[in-house]
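Engineer: The structure follows.
The values are calculated or read from the model by the stated rules, or taken from the named source; none is laboratory data. Remember, predicted model here, so these are calculated numbers, not experimental data. Note: ideal-geometry Cβ built from the backbone for every residue, glycine included; neighbour counts use all protein chains shown. SASA here: full protein model, heavy atoms, side chains in, ligands and nucleic acids out. Shrake-Rupley method; radii C 1.70, N 1.55, O 1.52, S 1.80 Å.
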Amino acid sequence: MAITINTNVTAMTAQRNLNSASSSVADSMQKLSSGLRINSAKDDAAGLQISNRLTNQTNGLNVAMRNANDGVSMAQTAEGAMQESTTIMERMRELALQSANGSNSDKDREAMQKEMGELQSEMNRIADTTSFGGQNLLDGSFGDKDGKTSFQIGANSNETQSLGLMDVSAHAIGRDYKNLDAGPAAVEVKGGTSTGNGEFSLDIDGTSHDVAITKDMTADDLKNKLNNIDGVSNIGVDETTTPATAGTTSVSGLAAKAGTAVTATSAAVTGLAADTDATITFEIDNSADGDGSDMKTITLNSTILTGSQTNGELDTALQTAATNAGLTNVTLAAVGTDGFSLTRADGKDVTINHQKDDGTGTGATASIAVDGGAATTVGTTQATATATGGTEAVPGETIDFTIGDQSISFDSTDFATQQDLQDKLDTVFNAADSNITVTATAGGAFEITSNDGSEVKVSAELKGTDAGTTATIETADGTGTVALAGDGTTSGDTKTAGGIEGEKSFTVDFSAMKLDTDIESIEYSTKKFDDTDETSALTIGTATTTESVASLDLSTAEGAQNAIDVLDAAMEQIDEKRAEIGAFQNRMNHTMSNLANINENVNASNSRIKDVDFASETINMTKGQILQQAGTSILAQAKQIPQAALSLLG
């Protein structure tokens, strides 16, 4: 290498490297002091562009979350006011129901209408004054022409969510309805009878609503059923009635076997005598069935049988002995002073055993007489006798009738006379409000009259087997009879013939009927007065009428009924809007959660691009500082190289 003085290439190289090390140290210090990896475009041009976009997104997400919170607060404000409007209308509906009751006078309804007016005014005030940030929410001025406004819920353009509010003043909510185009005013509907129901059906948009017309249904009942069908109201119903012709059937040949009365069973013991210390012992059957299964022992001694005692003393002694022995089904009674009778009231047989005579001298004696026959003398030997003269009671047979929905039972005593039979019938039938009249006739018979001509079923069951228990019932068509004889099971079944049942019929008035605006088709099907069927489609008018809450009037029962329908529709409108607002709030909450999640991840990504890694950068700075010191030292030495030329000159 040549030795030069003018150009020191080594020093230039050392200076260049020193400048590079100094620049590196300066960059590291800038990054460490700012905390940013990118402080200018020269640090990372592409990274700076990406970082700026992420920063803009982060700022936008923060604003979007604030916007979403504002939207939720606005929705809560509106929904709270709507809740109060709903509470007001609930009170209005209570007043309408109260006014619709027939117990109210005109003054009562006038007082209710005054409260209704105040409630209507309060609804209007709530709608006019409910605001958020100076912006009215519920007076119809909120948002665009459809009442909607958009909330910016994203970091970029057109990332919005809409909320629609409505005018909730008493003038703005209520019921929209249509009428029929010249609706019929007298549609015939045949009423129900005891044998079947009438039928009427309304088909609305393909859905059939069937109404069964029962016998007891009134015009108001049918009117309420029709007006309770969803989507329709204000249907009128009038009632017409066809008079009834009474129908009669008869029952004859009534007879029933009479019961048999009980005859007591009796026996007698006579000739009682006993020496001193002698006794006479008897066993008497006390069993409930008279089968000898419960024999009671009675012992009579000389003290009881002394000849000087009276009948009363003997009777007392016998009663004491019977009580001590537990004799309950057989009664003992003294006969004279030397005998007693045995009586069983239920007619069952009585067995008496002479068990034993004991004593001295002539001992003891007695005679047993059964059923009034000759007395049997007994002594020390055992003897038995059974009294069978009594008869047990046998109940009479009965005839049980079911007439309509009432039951009655007859026995032989009820057929003694026509008046006896009538008295028996009157215990069950012939009340002032009864539809059935039952009249006794001669010869054990009675007639059943259905006053309104309706069907009355008659059946009988003979309780017994005696052929003398009988009844005859007229058949259903009145052309024959059903004869019953006592076999314990036979029964007859019939109904009154010849009567014409009174019939309620109705005319339905559709001329003022109100229909929900979303109903597209309606037709009716009915059975007319002459039993012919009729089906007809009704034409719905095109004009829409609005009844608002502000127009409600409770001064009449009709107005109160109409108010109920209007209030139901108004509350349904507000409930639908509240449901929409609630869904909006829930959606906003999810939106805010999602925005926070996005923001977190965007910031993390931006940090990785823009923020300096202190651990790595301090290493770079330390390396630069060392290189800077080394470069300074080398540059100083490099500057000494030209001095080598001096040695050549010396």
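Engineer: Mind pulling the angle between the C-alpha long axis of helix 106-129 and the longest principal axis of the chain? Nearest 10 degrees, somewhere in 0 to 90.
Structural biologist: 20 degrees
Engineer: Place the peptides 65-71, 99-105 in order of packing, highest mean first, counting for every residue the other Cβ atoms within 10 Å and averaging per peptide.
Structural biologist: Numbers: 65-71: 18.6, 99-105: 13.0.
So the peptides 65-71, 99-105, ranked by packing, come out 65-71, 99-105.
Engineer: Follow-up question, since we're still on this one. To the nearest 10 degrees, how steep is helix 614-638 against the longest Cα principal axis of the chain, on a 0 to 90 scale?
Structural biologist: The angle comes out near 10 degrees.
Engineer: Continuing with the same structure: With a cut-off of 8 Å between alpha carbons and a minimum separation of six or more residues, what is the relative contact order of the chain in percent? Walk me through the intermediate numbers first.
Structural biologist: Values: 1337 pairs, mean separation 163.5, N = 650.
After rounding, I find 25 percent.
Engineer: Among the listed pairs 145/577; 178/577; 190/514; 148/178; 148/577, give every one whose C-alpha distance is greater than 20 Å.
Structural biologist: Working: 145/577 17 Å; 178/577 23 Å; 190/514 24 Å; 148/178 28 Å; 148/577 12 Å.
From the list (145/577; 178/577; 190/514; 148/178; 148/577), the Cα-Cα distance tops 20 Å for 178/577; 190/514; 148/178.
Engineer: What value, in deg cm²/dmol to 500, does the helix sum -39500 (n - 2.57) over DSSP H runs of n ≥ 4 give at 222 nm once divided by the residues of the chain? Let's see the in-between values first.
Structural biologist: Working: 9 runs with 224 residues, N = 650.
Computed mean residue ellipticity for the chain: -12000 deg cm²/dmol.
Engineer: Can you give the angle from 0 to 90° between the axis of helix 557-610 and the longest principal axis of the chain, with both taken from C-alpha atoms, to the nearest 10?
Structural biologist: The two axes meet at around 40 degrees.
Engineer: Name the residue from 2, 59, 408 whose Cα lies farthest towards the positive end of the charge dipole of the chain, charges +1 on Cβ of Lys and Arg and -1 on Cβ of Asp and Glu.
Structural biologist: Farthest towards the positive end: 2.
Engineer: With an 8 Å Cα cut-off and a minimum separation of 6 or more residues, compute the relative contact order for the stretch 492-650 in percent.
Structural biologist: Values: 43 pairs, mean separation 13.1, N = 159.
8 percent.
Engineer: On a straight-distance basis, which aspartates and glutamates could pair with residue 527 in a cross-link, Cα separation under 17 angstrom, same-chain partners fewer than 8 positions away excluded?
Structural biologist: 188, 199, 203, 210, 238, 239, 503, 509
Engineer: What's the local net charge at residue 120, with K and R +1, D and E -1, over the other residues with C-beta under 12 Å away? Show your work: numbers first, answer last.
Structural biologist: Numbers: positive: 91, 114, 125; negative: 115, 118, 122, 553.
Result for the neighbourhood of residue 120: -1.
Engineer: Continuing with the same structure: Name the shape class, rounded, prolate or oblate, that the alpha-carbon gyration tensor gives for the stretch 571-617, where a ≥ b ≥ c are the square roots of its eigenvalues, rounded holds for a/c under 1.5, and otherwise prolate holds if a/b is larger than b/c and oblate otherwise. Walk me through the numbers on the way to the answer.
Structural biologist: On the way: a/c = 10.16, a/b = 8.53, b/c = 1.19.
Note, shape of the stretch 571-617 comes out prolate.
Engineer: Measuring with a 1.4 Å probe in the full set of protein chains, what accessible area per residue, in whole Å², belongs to the chain? Please report the intermediate quantities before stating the final value.
Structural biologist: Values: 33020 Å² over 650 residues.
Result: 51 Å² per residue.
Engineer: Of the labelled options (i) -0.66, -0.85; (ii) -0.84, -0.99; (iii) -0.53, -0.86, which one gives log10 I(q)/I(0) by the Debye sum over Cα atoms at q = 0.07, 0.09 Å⁻¹ as computed for this structure?
Structural biologist: (ii)
Engineer: May I ask you to give the percent of accessible area on the chain that is carbon plus sulfur, with a probe radius of 1.4 Å? Let's see the in-between values first.
Structural biologist: On the way: 15680 of 33020 Å².
Looking at the chain in its full context, I get 47 percent from C and S.
Engineer: Related question: Ordered by packing density, taken as the mean number of other Cβ atoms within 10 Å over each peptide's residues, highest first, how do 419-428, 122-131 rank? Write down the numbers at each step before the final one.
Structural biologist: Values: 419-428: 15.0, 122-131: 17.7.
Per-residue Cβ counts within 10 Å, averaged per peptide and sorted highest first, yield 122-131, 419-428.
Engineer: In the structure shown, do any of 424/504; 215/528; 296/348; 107/225; 457/528 have a Cα-Cα gap over 23 Å, and if so which? It would help to have the intermediate numbers written out before the result.
Structural biologist: Working: 424/504 34 Å; 215/528 16 Å; 296/348 16 Å; 107/225 30 Å; 457/528 28 Å.
Beyond 23 Å between Cα atoms: 424/504; 107/225; 457/528.
Engineer: Taking residue 623 as the anchor, which aspartates and glutamates have their alpha carbon closer than 18 Å to its alpha carbon, excluding any fewer than eight residues away along the same chain?
Structural biologist: Cross-link targets: 27, 613.
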